[in-house]
Structures are given as C-alpha cells and as structure tokens.
Amino acid sequence: MTSFTGLDEDAELLQQRIERFHVVREKILRQVREVIVGQHEVLEQILIALFVGGHCLMTGMPGTAKTLMVRTMAEALGLEFRRIQFTPDLMPSDITGTDIIEEDLETGHRKWTFVEGPIFGNILLADEINRTPPKTQSALLEAMQEHSCTVRGHIYRLPAPFFVLATQNPIELEGTYSLPEAQLDRFLFNALLEDLSAEDELKVIDRTTTTRQTKVEAVTSAEDLLDFQQLVRMVPIAETISRYVISLVRATRPRNETAPAFIKKYVNYGASVRAAQFIVLAAKARALSYKRYHVTYDDITAMTTPVLRHRVLLNFHAESDRIDTDEILRQLVAYVPRPSEK
C-alpha cells in the first residue's frame with residue numbers, strides 16, 4: 001500500500017480508518033439502493049462530493065427522483081436534512097434567517113433575536129434552484145464557500161458538515177433564472193440524471209405501486225464524515241498527475257496558448273484553478289472508494305467531465321454546430337497527452 005501523505009500516526013490506526021471508510025460507504029449505498037433504482041454514476045458523484053466536503057448540482061428531467069435521492073441519502077447519513085423549494089418570490093432572509101425584535105415581559109426591554117433559517121442544517125436540498133432570482137440564489141454563496149452566513153453584520157457559523165445539493169430542470173425555461181457563474185463555480189459537480197433502462201423502470205413500478213415501504217437506517221454520523229474528509233485529503237497524487245490536471249484546466253481557456261483549436265472556436269470562457277483543485281480532490285475520493293491508495297489517470301478522467309461541464313461556457317458557434325460541453329470535454333481529454341504515472 002502506498003504511504004499516505006503527512007502520515008504521522010500509527011499505521012494500524014490509519015488502516016482502521018480506511019476500513020471504516022469502506023464499510024460505511026458500502027452501507028450507505030446499500031441503504032440508498034433500497035429506495036433509488038439505477039443512477040449509479042450520480043450516486044457515486046454525490047458520495048464523492050460528501051467525502052470531499054463539496055456541493056453538488058443535480059440536473060434532470062421531472063420525475064427522475066432527484067429530491068427523493070437527496071432525502072434518502074440524508075437519512076442514510078444520519079444528518080439533519082433541510083429542504084427549500086425555490087420560487088420567484090423567495091427572499092434571501094427566507095434562506096439565511098432573520099433578526100426579530102422580542103420583548104421581555106418582565107422588564108419590558110426589547111432586544112434583537114436571530115431566528116435561524118433552513119440553511120442551518122447538514123444537508124440542504126435547494127429544490128429547483130433556478131426558479132428564484134439571482135439575488136436570492138446568491139444568499140447561498142457565503143454558505144457554500146465559508147460555511148457561514150452574515151445577517152445584519154453578524155456572522156453565524158453553520159453546522160459541520162454542511163452540503164448543498166441543488167436540483168434544476170434542464171428543459172423548462174419559462175419562469176427560470178440562470179445561476180450566476182460565481183455560484184456555479186462553488187458546485188463541485190454538475191451531475192446529470194439520465195433515463196433509466198426498461199428493466200430499471202420496471203423495478204421502479206414494482207417498488208412504488210404496491211404497499212411496500214422501505215425504512216432507511218442511519219449508518220454513519222457527522223463525526224465519521226468529517227474524519228473521511230480528512231482521510232481523502234491524505235491520499236497521495238504524483239506530480240505528473242497533478243501537472244496533467246493543470247494542463248487539462250488551462251487548455252479549457254481559449255486565450256491560453258496551450259488551448260487547442262476546437263477550444264478557441266467553441267469556448268467563450270474556461271475553468272479557473274478552483275476546477276483543478278476540485279478534480280484532484282474528487283479523484284482522491286474516487287481512488288479511495290475503489291480501494292486504491294494513490295490517484296491514477298482513470299480517476300482524473302472520470303472526474304473531469306462532471307467537474308468541468310458547468311464551468312466551461314460555450315459560444316454561439318458551438319450552439320450553431322450542435323456541440324455540447326460534454327463533447328468538448330471528451331475531445332479535450334483525448335487531446336491532452338496522457339501523463340506518466342511512475
């Protein structure tokens with residue numbers, strides 16, 4: 001087994017932490033799959049986001065169980081779950097909370113009291129996040145980046161761990177607002193929910209049109225998740241792999257000299273260094289999930305598209321030629337030379 005970086009603890013204790021990680025991961029998946037059919041790639045991405053401490057944007061058609069998936073995951077994790085249904089009239093204070101004036105009945109003195117909003121939970125489901133104006137969407141920015149919120153000049157820390165799992169509908173544009181790029185960049189992944197196979201749809205019918213009821217049990221705790229996040233960061237990565245990630249991300253920028261011709265033709269804006277950080281962190285979590293103790297080329301390429309698809313902004317040439325972001329990223333992975341893993 002490859003040594004973990006920064007290892008200054010007993011090897012036996014580290015092995016116990018790794019074994020606990022694998023046991024809990026399998027238990028979570030087992031519990032969630034009792035309710036959710038298919039969508040294995042999306043479930044893996046949500047778990048990786050949780051193990052990294054990142055946030056996930058889920059894009060899918062109505063009826064693809066986005067909300068049910070997040071709620072079930074929260075129950076399996078044993079975390080406090082909060083849900084916000086985003087609507088055009090939602091205000092920032094409806095998310096963060098607000099100060100109210102309370103009067104002491106004995107003394108008659110009045111004082112400001114902060115009433116927490118739904119953001120004060122461990123897992124926040126931002127349902128149909130693109131149905132509210134940017135002013136309200138941006139109320140999540142500080143929470144997603146700093147794990148805190150500011151109300152009337154006072155900073156309030158959010159519970160740890162804290163995750164935002166947001167959903168949006170990709171086809172219904174009436175009454176929706178595009179997410180600001182600054183907010184999109186805070187999401188680790190943009191996970192796409194695809195159509196199920198015929199057999200999986202049959203399983204859904206069998207599970208949801210009978211009297212069967214499935215109870216999801218909590219199999220872990222907040223303390224475990226915080227420990228797993230530290231464990232993931234200890235997974236080593238070779239310098240050649242890190243340089244490959246930098247090459248990938250820099251090649252998405254059309255004004256960069258390393259950008260290929262198809263990037264310069266079809267891309268308006270590329271990804272920032274935050275994308276490189278997220279690719280490496282997600283690859284570390286994926287490697288550990290697959291019981292490997294160093295990051296490989298396959299880990300990087302598996303995480304590249306979900307990390308970059310909402311960060312690479314295409315121009316009208318791409319729309320005219322009917323080329324989407326995923327196709328651009330597939331060409332990019334094929335274009336950038338594969339690194340040596342030695």
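The values are calculated or read from the model by the stated rules, or taken from the named source; none is laboratory data. Worth saying up front: this structure is predicted, and the values here are computed from it rather than measured. Cβ coordinates were reconstructed from backbone atoms using ideal geometry, including for glycine residues, and neighbour counts include every protein chain displayed.
Odds and ends about this structure:
- Residues that are part of a helix (DSSP H, G or I), crowded, with 21+ Cβ neighbours inside 10 Å and touching a strand residue (DSSP E or B) at 6+ places or on another chain (Cβ under 9 Å) within the stretch 19-63 comprise Val42, Gln45, Ile46, Ile48, Ala49, Leu50, Val52, listed in sequence order.
- In the stretch 94-106, the residues that are under 30 Å from Leu125 (Cβ atoms) form Cβ pairs under 6 Å with partners that are acidic (Asp, Glu) and in a strand (DSSP E or B), at six or more places apart or across chains, as follows: Gly97/Glu116.
- Strands (runs of 3 or more DSSP E) wholly inside the stretch 110-156 that include at least 2 residues being polar (S, T, N, Q): 148-151
- Flag if Gln145 is among the polar types (S, T, N, Q), outside the structural domain of Thr304 (by TED's automatic domain parsing) and over 28 Å from Val235 (Cα atoms): no
- Arg110 vs. criteria in contact with a strand residue (DSSP E or B) (Cβ under 8 Å, 6 or more places away or on another chain) and free of Cβ contacts under 8 Å to residues at least 12 places away in the same chain: yes
- Residues in the stretch 238-280 that are outside any helix (DSSP H, G or I) and either of a type in the set (A, V, I, L, M, F, W, C) or touching a strand residue (DSSP E or B) at 6+ places or on another chain (Cβ under 6 Å) (or both): 8 in all.
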